[in-house]
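Read through the structure below, which is laid out as structure tokens, and then see the notes.
What follows draws every value from the coordinates through simple rules; no lab data is involved. Model, not experiment: these values are computed from the prediction. Note that we place each Cβ from the backbone using ideal geometry, even for glycine, and neighbour counts take in every protein chain shown.
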């Protein structure tokens, strides 16, 4: 005997998000772009390769839509992680600093 389930409604599912960073490798400035389908409070951090926070960039409420955050960089050469925190989730992307 098999059962058939019909999904009639889906609520509160966060959209899949991609964190784009450019240029990468970067030297003195960085742009971070992503898209939200709903408004949210975000935090943006840069972590070193061990996961330790090296820079707190911003915390703010954003509206739905495409977002681009531009920032100056003052980090030594190395590999870092750009960490976007939103709605209890972390979206991360690798960043290379090369001067």
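For residue 93 and residue 77, compute 0.36 nm times the residue count separating them, minus their Cα-Cα distance, and round to one decimal in nm.
4.1 nm
I need the Debye-formula profile for the stretch 20-97: one equal scatterer per C-alpha, no solvent, reported as log10 I(q)/I(0) at q = 0.18 1/Å, two decimals.
Per q value, in the given order, log10 I(q)/I(0) is -0.69.
Treat the count of other C-beta atoms within 10 Å as a stand-in for reagent exposure and order 87, 48 from fewest to most.
Sorted ascending by nearby Cβ count, the order is 87, 48.
Output the peptides 37-44, 56-63 sorted from most to least packed, where packing is the average of other Cβ atoms within 10 Å over each peptide's residues.
37-44, 56-63
Using the 10 angstrom Cβ neighbour count as an exposure proxy, how do 21, 49 rank, fewest first?
Ordered by Cβ neighbours within 10 Å, fewest first: 49, 21.
Need the full-extension length gain, residue 66 to residue 52, defined as separation in residues times 0.36 nm minus the C-alpha distance. One decimal, nm.
2.2 nm
Starting from the 7 Å offset along Cα-to-Cβ, what nm value, one decimal, do you get for the label separation of residue 28 and residue 85?
3.1
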